[in-house]
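The block underneath contains the structure these notes are about, expressed in structure tokens.
Quick note: the coordinates plus some simple rules give every number you see, no bench work behind them. Fair warning: this is a prediction, and the values are worked out from it, not measured in the lab. Backbone-built Cβ (ideal geometry, glycine too); neighbour counts: all protein chains shown.
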Amino acid sequence: MAILGTILLVIGGIGSLIFGIQILIVAFQTHIGWGLGSLLVPGVGLVFVIMNWQKTKTPFLRSLICFAVMIVGGVLSGMGSM
């Protein structure tokens with residue numbers, strides 16, 4: 001089960017990274033201030049997602065799914081007991 005958990009952790013992590021970059025691209029396309037703020041200031045990316053829900057809905061929800069896959073992978077690999 002640990003191998004499956006590690007695989008899910010990696011897949012979920014790569015997916016979260018990809019969809020996070022997609023949100024960052026949309027932020028930079030909207031305005032350079034949003035892009036830099038999302039990149040450098042914690043919480044600005046979430047504010048951007050909320051304010052631009054129609055543009056960011058798909059990558060944000062997909063990143064949440066990837067995060068859930070990472071949690072399942074962590075539990076299966078035994079990282080939840082650390």
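For the range 29-65, enumerate the residues that are among the hydrophobic types (A, V, I, L, M, F, W, C), buried (at least 16 other Cβ atoms within 10 Å of the Cβ) and over 18 Å from ILE18 (Cα atoms). Outline the logic, then answer.
Of all residues in the range 29-65, those among the hydrophobic types (A, V, I, L, M, F, W, C) come to 32, 34, 36, 39-41, 44, 46-51, 53, 60-61, 64-65.
Cutting the leftovers down to buried (at least 16 other Cβ atoms within 10 Å of the Cβ) gives us 34, 44, 48-49, 60.
Passing the criteria: TRP34, VAL44.
Is it the case that PHE48 is of a type in the set (Phe, Trp, Tyr) and touching a Ser or Thr at 6+ places or on another chain (Cβ under 9 Å)? Before the answer, list the steps.
On the way: of a type in the set (Phe, Trp, Tyr): yes; touching a Ser or Thr at 6+ places or on another chain (Cβ under 9 Å): yes.
Yes, satisfied.
Would you please name the residue that is surrounded by the fewest Cβ atoms within 10 Å (Cβ to Cβ), looking only at residues in the range 66-82 that are over 12 Å from the mean Cα position of the chain (by Cα) and without any contact (Cβ under 8 Å) to a residue 60 or more places away in the chain?
At the first step, the residues of the range 66-82 found to be over 12 Å from the mean Cα position of the chain (by Cα) are 71-82.
Still in the list and also without any contact (Cβ under 8 Å) to a residue 60 or more places away in the chain: 71, 80-82.
Details: ILE71: 15, GLY80: 12, SER81: 7, MET82: 5.
The residue in question is MET82.
Just checking, how many residues over the range 1-52 are within 15 Å of the chain's Cα centre (by Cα) and on the phi < 0 side of the Ramachandran plot?
The first filter runs over the range 1-52 and keeps only residues within 15 Å of the chain's Cα centre (by Cα), leaving 8-27, 38-39, 42-50.
The next check asks that each one be on the phi < 0 side of the Ramachandran plot; those that pass are 8-27, 38-39, 42, 44-50.
Total satisfying the criteria: 30.
Please tell me if GLN22 is polar (S, T, N, Q) and surrounded by fewer than 13 Cβ atoms within 10 Å (Cβ to Cβ).
Numbers: polar (S, T, N, Q): yes; surrounded by fewer than 13 Cβ atoms within 10 Å (Cβ to Cβ): no.
No: the conditions fail for GLN22.
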